[in-house]
Amino acid sequence: MKNGSHNPGSWSLPAWSRIGAFQVFGDYTAMSGFRLVVALGPSSSALTELLEGRANDAAWLDPDLARASIRAGLGLLRAGVGDFVYANPEQTLVLVRRDLSARTGSALTVQSQLVSSYAARLSLLCGRELSVQARIFEFPDITVVRRALATLVEEIEETTPLRSSIWLGAQLRGRGQPFHPSMVETIEEQTSLLRGHGIDMDSLPAWWWRGVAAQLGEGGALRVFDDLPHGEAFGELVPE
């Protein structure tokens, strides 16, 4: 699931190594009281090719693609299988409903449903078919889910300059200009590349830095949080 050298993005964060202890495989049935989380997003090669292919017509960092990815992720709450969604420009995590987690054979069914829905939504929004990858995680309780998601969000924010540089680099290649990730290994190199193309990191919206979350409110109304709090305050957004 690690991204390739041309797109070491959100799937390469250290948090995934720690969360990996909770990953499950196959037609899995969660143990009593455990909660399932499905993580999904475009494959690294698909995302890179998409950024390169759209480069001549898109603004730097392709905000339209980033918003489309988040919209596709948030839309998964309409699939009826999740209670909570966290989405950033590269991936989405869905907290599966408690009753579905306990059903025999539901894990792969839920994963397939989410992948199909996400791929269809994102392909429609960006005008191209995309391959999507997914993982299933089983957490012992909601507290661990909250901690895992909060950790991931913090790392998403911390690595935003690198992620932004990689997105920009893919666009540069799409426009026939040279770029390799080795050119942006330090924060100074990342800042220089971004500023050189008119990108001020401080002016980028909160959702680009930390992503967006959503939960189902009363009567099925969608509650969206586009300026996510930090630490335990973020965890409190995740429902029981």
To test your reading of the geometry: what angle, between 0 and 90 degrees and rounded to tens, separates the Cα axis of helix 106-126 from the longest principal axis of the chain? 30 degrees
Once the dipole of segment 10-225 is set up from charges on Cβ (+1 Lys and Arg, -1 Asp and Glu), the residue from the list Gly169, Ala214, Leu47 lying farthest towards its positive end is Ala214
Segment 10-225: projected area of the alpha-carbon convex hull, averaged over directions, in nm²: 11.9 nm²
Compute the angle between helix 187-196 and the longest alpha-carbon principal axis of the chain, please, reported from 0 to 90 degrees and rounded to the nearest 10. 60 degrees
Counting other Cβ atoms within 10 Å, which GluC sites (Glu not before Pro) in segment 184-231 have at most 13 and lie in a DSSP loop? Glu185
Environment charge at Arg54 (Cβ cut-off 11 Å; Lys +1, Arg +1, Asp -1, Glu -1): -3
Any idea what the alpha-carbon Rg over 2.2 N^0.38 Å comes to for segment 126-184? 1.61
Angle, helix 44-54 long axis vs. longest principal axis of the chain, Cα atoms, 0 to 90°, nearest 10? 50 degrees
Using a Gaussian network model of the chain whose springs link C-alpha atoms within less than 10 Å, name the residue from Ile136, Ile187, Ile156 with the highest mean-square fluctuation. Ile187
Could you let me know the centre-to-centre spacing of segment 63-92 and segment 153-230, using Cα atoms, in angstrom? 16 Å
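Read-outs throughout are calculated quantities, based only on the coordinates presented, and are distinct from any laboratory measurement. Everything quoted here is computed from the prediction, not taken from an experiment. Quick reminder, even Gly has a Cβ in these numbers, built from the backbone with ideal geometry, and neighbours come from all protein chains shown.
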